[in-house]
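Here the structure comes first, spelled out in structure tokens, and everything after it is commentary.
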Amino acid sequence: MNINRAFSPLKQAVAEKAKISLATVDSIFATANITEEVGTRQAEHLTFRRLTFSGVKRATNAGDGPFRFEWVGLDSGLWLVLSDDLNQVGKSTILEVMLWALRGRARGLRPEVRAWIERVELEFSIGLDRYLVQFDERESGPVGELLRVSPGPAQILSTFEGNEPFEHAMGELMMKRFALQAIPIVNRQADVAEQIHHTWTLYAASMFIEGANKAILGDVVVGALWWRMLHLFVGMPYSGAHMSLRSAVTLTALRLEKLQGRPAGVTSLRDELSKLDARISELTDRLNASTVVTPHGADVQELLRAYTREAVALSKLEHSVADAEHRLSVATRHANEARSELRRLQDGAAAKRVFAGLNPVCCPRCAKPFPSERMEVESSGGNCAVCDRDTLTDDHEAMEAALAETQARIDDAAAEKDEATEQLRQCRTNRDSAQSTVDLLATGIRDVEQNLSAYQAQMEMRLELERAHGAHEQLKELESEQRVSEPAEELAEQLRILQIAESVAEERLKASGADLLEQLETELVSVATRVGFRGLESVAIRGNGITLKVSGTESSFGKQTAGQRLRLRISLVIAMMKLAGRSGRGHHPGLLFIDSPGSEELSESDLGAMMGEIRALCAETNNLQIFVSSARGRSLAGVVDTDRQVWPTPSGAMF
């Protein structure tokens, strides 16, 4: 739907519909911090240019000592962090450090790895401006500065000491440069009605795609946050005003319920802040003291695959050892038999020499003397006087031949035995090495199994800490404003006006954004089909989720396989950027991190084909930069040029 008519100012339309003065509407909007967008920003995109981090590895069992990782010459397009069937070599760490520097708060960086890092530098550009964030990691948190390095002379935009100041510095820049609005959420469960504002931390998290998360954008599945982010990323007219008005309506309604005597908490803001401070401190201390490292899902899967692979290899080596032992036994038996034969021949030869020295004169049986003629013949070198054989030549030659043949058999058997002994030694060495590897992997599996409950408890603590920080921020705002509850009549009038304003903003949002949403849906189908979502015919994006038509059957995002959800999440970002490229407008920074896409039920051919299409889409879009890490490097090595790939060092680690 194309809307050609121009809307009157939102405040004016609300005043006319509510039959009140424009000044009253202006006052209520100012109190609720509601603004009307007059248009969307010209599309700019965020591009990483250089990443450097360094420090000292400790307690790694191998490779301890100073390290430095540097990735330079970065530009838009597809970039790969690869290894060959190896996990836990630092691929995810590279992406996590990028995200840490980008948003000012670490997301999934493992504590022991963060303890190695001492210095981080990230250079990036937004439009024509180039920036540098650099910091040292200390016990108190990051200490550093954010600079604009060009155009013009370098200028320090902010300095920070600690996690929250760092997060604030990055959020302030990014929210301003991309014209993103804070997303308000009202916590209905709190004793004191609170409004939580999600800012850059949430937006940046939506750029990191990992695992089989069921969130469409980011990693939060409650509160329809993905839907609100999508509206703002695409640049839907009136989306920011509508979100703010909806939140203001909810918050005002809760306050009115309290004034009218509905159940509500009676503790003061100061008491609530004190409780939250204590809880935040307790959770932070417990998380810092925890020695349990939450494993990545892809790492656990790879650990199980590696154990199975190595156990099969060990079984084959056990058979090789048994075969080698049998061969050595046979060779030993042959050598012993040959030596026995040699001793028999040698004993026979010795006996012959003894008997050959005798000089009998009569038959040994009847004692009849031999004729003198036969004795003379034997004396002159003729045949034996006893048996009339040529003993001087026949027996000697036969014996020499038998001895030589037997010695050759001994030599062959000895060589065979030496070869079998060496083969057995090598097989046993390989078997023992494989056994050590299997034992190590089995220990890792046992550790994961033993720590499952600890992992779950740690995740729950992190989620509770996030909620506590949000509640604390809202209560601090309420305390600083020192608001006094309005009389119920005045509050009810404010609620009426805010509800009218929300209705007007929603009508304008739907009318002016319908065509834009339809274009996004069409683009999403096109991109998802190209990256391997077979049979996808259409999609409908609404606040309650994404519905799909696949091979003539109606379905939804949540019912798709992990691989199909991965394709849709990637395709949605690319579709938004392609749409922004055509319209020249949009708010998404154009940056995406994809961690271990190969773990999402994708075959080698599907993974390679998907990444090939992503590369082509990046080239077509020109305002998109995607970083992908994968342990299936052989499948992806040909997707981009080698200068766009990072592989482990000869030591087997990325840094």
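What follows is calculated from the coordinates using simple rules that are stated; it is not laboratory data. Quantities reported herein were computed from a predicted structural model and do not represent experimental measurements. Using ideal geometry, Cβ is built from the backbone for each residue, glycine included, and neighbour counts are taken over all protein chains shown.
Were the residues from C363 through Q155 laid out at 0.36 nm apart, the gain over their Cα-Cα distance would be 62.1 nm.
The residues packed around I94, meaning those with a beta-carbon under 12 Å from its beta-carbon, carry a net charge of -2 if Lys and Arg are +1 and Asp and Glu are -1. Run the reach check for K57 against aspartates and glutamates, Cα to Cα strictly under 15 Å, same-chain hits fewer than 8 apart removed. What comes back? Leaving aside aspartates and glutamates fewer than 8 places away in the same chain, those within reach of K57 are E112, E118, E137.
Between M175 and E422, the contour length at 0.36 nm per residue exceeds the Cα-Cα span by 82.1 nm.
How much FRET efficiency would the formula 1/(1 + (r/R0)^6) give for T291 and E337, where r is the Cβ-Cβ distance and R0 is 41 Å, rounded to 0.05? E between T291 and E337, to the nearest 0.05, is 0.05.
Karplus-derived 3J(HN,Hα) values for the stretch 502-508, using 6.51 cos²θ - 1.76 cosθ + 1.60 with θ = phi - 60°, are 5, 5, 5, 5, 5, 4, 5 Hz; glycine and proline are entered as x. Once the chain from R409 to A540 is taken as fully extended at 0.36 nm per residue, the excess over their C-alpha distance is 38.7 nm.
Suppose R0 equals 35 Å. What FRET efficiency, 1/(1 + (r/R0)^6) with r the Cβ-Cβ distance, do I20 and R585 give to the nearest 0.05? Working shown, then result.
Details: r = 34 Å, r/R0 = 0.96.
FRET efficiency, I20 to R585: 0.55.
Checking the cross-link pairs K258/K476; K91/K176; K17/K176; K214/K549; K275/K476 against a 23 Å limit on the alpha carbon distance flags K91/K176; K17/K176 as lying beyond it. Note on V120, V448: ascending count of other Cβ atoms within 10 Å places them as V448, V120, the fewest first. Neighbour counting of Cβ atoms within 10 Å sorts the residues H45, H334, H319, fewest neighbours leading, into H319, H334, H45. Once C-alpha pairs closer than 8 Å and six or more residues apart are averaged by separation and normalised to the residue number of the stretch 118-206, the relative contact order reads 16 percent.
For R309 and L128, a Förster radius of 60 Å and the Cβ-Cβ distance give a FRET efficiency of 0.75, rounded to the nearest 0.05.
Sorting 90-98, 522-530 by their mean Cβ neighbour count within 10 Å, with the most densely packed peptide first, gives 90-98, 522-530.
Sort the stretch 116-200 into rounded, prolate or oblate with this rule: let a ≥ b ≥ c be the square roots of the eigenvalues of the Cα gyration tensor; rounded if a/c is under 1.5, and if a/c is not under 1.5, prolate when a/b is larger than b/c, oblate otherwise. Because a/c hits 1.5 or more and a/b fails to exceed b/c, the stretch 116-200 counts as oblate.
Going highest first, how would you order 272-285, 603-616 by mean Cβ packing within 10 Å?
Values: 272-285: 14.4, 603-616: 18.5.
Packing order, densest peptide first, comes out as 603-616, 272-285.
What aspartates and glutamates sit close enough to K417 to cross-link, taking a C-alpha to C-alpha distance under 12 Å and skipping anything fewer than 8 places away on the same chain? Within reach: E325. Annotation: peptides 25-34, 233-242, 201-210, ranked by per-residue average of other Cβ atoms within 10 Å with the highest first, follow the order 233-242, 201-210, 25-34.
Modelled spin labels at E282 and E397, positioned 7 Å past Cα toward Cβ, are 10.8 nm from each other.
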